[in-house]
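Asker: The structure's right below; bear with me while I get my questions together.
All of the numbers you see were taken from the coordinates with simple rules; none came from a lab. Since the model is a prediction, treat every value here as computed from it, not as a measurement. Quick reminder, even Gly has a Cβ in these numbers, built from the backbone with ideal geometry, and neighbours come from all protein chains shown.
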């Protein structure tokens, strides 16, 4: 029995897409802020540090959200 039985297929797809986009956006923002705070001083360029942090922080977020959604469907 799935935790998402109350929804139909289109609603589930919309929820999955929404969570992937929201998770990616939060990951990019958090990576940019932490990159600025941690690496900006060392690099001397806060914009470069924010860009690098935002780019690399989104990498683990997307598979994590997808895996969490798959687990939620299987519960």
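Asker: If I fit a long axis through the Cα atoms of helix 46-74 and take the longest principal axis of the Cα atoms of the chain, what angle between them do I get, 0 to 90°, rounded to 10?
Answerer: The angle comes out at about 20 degrees.
Asker: Against the longest principal axis of the chain, how steep is helix 9-43, in degrees 0 to 90 to the nearest 10, with axes from Cα atoms?
Answerer: Value to nearest ten degrees: 10.
Asker: Now for a separate question. Run the quick spin-label model on residue 30 and residue 8: label points 7 Å from Cα toward the beta carbon, then report their separation in nm to one decimal.
Answerer: Reported label-point gap for residue 30 and residue 8 is 3.5 nm.
Asker: Taking Kirkwood radius over Cα pairs in Å as the quantity of interest, determine which of (1) 14.8; (2) 13.7; (3) 12.5 was computed from the displayed structure.
Answerer: (2)
Asker: Right, something else. Suppose only helical runs count, i.e. DSSP H with n ≥ 4. What mean residue ellipticity at 222 nm does that imply for the chain under -39500 (n - 2.57) per run, divided by all residues and rounded to the nearest 500 deg cm²/dmol? Present the calculation step by step, with values, prior to reporting the outcome.
Answerer: Numbers: 2 runs with 64 residues, N = 75.
Calculated mean residue ellipticity at 222 nm is -31000 deg cm²/dmol.
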